[in-house]
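The values are calculated or read from the model by the stated rules, or taken from the named source; none is laboratory data. Bear in mind the structure is a predicted one, so any value in this text is a computation, not a measurement. Every residue, glycine as well, gets a Cβ built from its backbone with ideal geometry; the counts of neighbours run over all protein chains shown.
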Amino acid sequence: MKHQIDGMNATSVDYRACAKPLLATPTRQSTGGLTRGTPAYRRANVALFLVGFATFSLLYCVQPLLPNLATTYDIDAATSSMALSLTTGALALATFASSALPQRLPRRRLMFASMLLAGICNLLAAVAPGWSWLLLARLVEGAVLGGVPAVAMAWLAEEMHPRDLGKAMGLYVAGTAFGGMMGRVAMGLLLDISTWRIATATMGLAGIAAAVGFFLLLPRSQGVSNRPALDFAAHRRLWVGHLRHPGLLRLFAVGFLLCGVFVTVFNYAGFRLSVAPFALGPTAISLMFLSYVSGMVVSPWAGQLTERFGRRLPLAAASALMMVGVLVTWSSALPLIVFGILLVTLGFFAAHAIASGWVGYLAKQGKGHASSLYLLFYYAGSSLVGSAGGWFWQHGGWSGVVGLTLALTLAGVTASLTMAEEARD
């Protein structure tokens, strides 16, 4: 099977030969990887879809609550965003630290325990007696969720046949899109028929159910771990090595920039739409998160698209689509605002599917460490830019938010287009 490697000039190579280091990694003794069409491959995809659902429904279920929290606790928009930013910030640090866990730890059990504890933390947030206690529960929730995303991406990179890795990664990202959508839309719907506490508890129970389904479905590893526990110096060498790789560093920057834009747009779109001239209620505002359906569709498609056109140009095009979407939201017409949010969503999930799969491809060793660095930057963008967007909203309104996100998406397009040479490393 011949495949055109991204950014290479008129050079066609054997994809399986190039991917051989991914399968022959010292972490695992490979047995060939899960291949498309087998029962184990289908079960793994469903299980990892549930991982994405649970992680992102629990992570972002508070986003529709931000205007309500601001009113309830008499706080400003930037302060209310801490209910999300603290969680994503803790998740970023915990995800990074998770790559230093002993390689022999069973990843299936680690992901299950993390998902289960996160669901319990959401239940505790629902019964928290005050704002500080709610923030504490959300902080712990982000920390325990750190055992999921990087481990899931590393599991996919090691267990899937490289020929099918792009599609499998796309399906995992589709699960994150579905979880992000349901966490937000369900909260909006529940707010109209119950209290925010009942809505939050319901999402916690859904996360626990997804954890059980994941544990029952995910196949056991096909490889056998043969790497001894690494000391801190070895972990540091892997992290530093990835940070010195120009292509990986650009992908980390893309994750930071685009996730920051995506979260900022959704954080403050709710504030904008809840006041005049729109004055929409929680259910109506939550319906804008139905745009996540497009992410579920585009993520697997983007993974397959790289098999035909490489990764560089599709990644740049997806980033540019986000930029166009941000510009469209500048309109004062509600249909155009919704359309702009849809474009931002399409571009974001396509870019994330491509970039996350590219990280696993470029990292010849220490793929778990590379995935953890990507996600560290990714969630740091969500936390830092998401909170900073509150300042732009308070001082410049939606025009301020548009100015910030336009600058970041332009930087993302630039980073994507400069990936050609690094793809050869």
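Structure above, values below:
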{"quantity": "Any hit, the range 67-88, residues being under 30 Å from residue 282 (Cβ atoms), at pLDDT 85 or above and not in a helix (DSSP H, G or I)", "calculated": "yes"}
{"quantity": "Hits in the range 362-377 (condition: closer than 21 Å to residue 312 by Cβ and of a type in the set (Ser, Thr, Tyr))", "calculated": "371, 374"}
{"quantity": "Residue among 147, 166, 170 that is crowded, with 19+ Cβ neighbours inside 10 Å, in contact with a Pro (Cβ under 8 Å, 6 or more places away or on another chain), modelled with pLDDT under 80 and of a type outside the set (Ser, Thr, Tyr)", "calculated": "170"}
{"quantity": "Exclusive hit being of a type in the set (Ser, Thr, Tyr), buried (at least 23 other Cβ atoms within 10 Å of the Cβ), part of a helix (DSSP H, G or I) and modelled with pLDDT under 80, set 286, 299", "calculated": "299"}
{"quantity": "Qualifying residue in the range 251-264 (condition: surrounded by fewer than 22 Cβ atoms within 10 Å (Cβ to Cβ) and modelled with pLDDT of 90 or more)", "calculated": "yes"}
{"quantity": "Among residues of the range 381-392, those that are in contact with a Phe, Trp or Tyr (Cβ under 6 Å, 6 or more places away or on another chain) and either surrounded by fewer than 24 Cβ atoms within 10 Å (Cβ to Cβ) or not in a helix (DSSP H, G or I) (or both), counted", "calculated": "0"}
{"quantity": "Matching option when the condition is in contact with a Leu (Cβ under 8 Å, 6 or more places away or on another chain), at pLDDT 85 or above and among the hydrophobic types (A, V, I, L, M, F, W, C), among 201, 126", "calculated": "201"}
{"quantity": "Test: residue in the range 98-116 that is modelled with pLDDT of 85 or more and among the small types (Gly, Ala, Ser)", "calculated": "yes"}
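Results for (1) out of contact with any Pro (no Cβ under 8 Å at 6 or more places or on another chain); (2) without any contact (Cβ under 8 Å) to a residue 24 or more places away in the chain; (3) within 23 Å of residue 48 (Cβ to Cβ); (4) loosely packed, with under 15 Cβ neighbours inside 10 Å, shown as yes or no for each residue.
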position: 304; (1), (2), (3), (4): yes, no, yes, yes
position: 310; (1), (2), (3), (4): yes, no, no, no
position: 320; (1), (2), (3), (4): yes, no, no, no
position: 326; (1), (2), (3), (4): yes, no, no, no
position: 331; (1), (2), (3), (4): yes, yes, no, yes
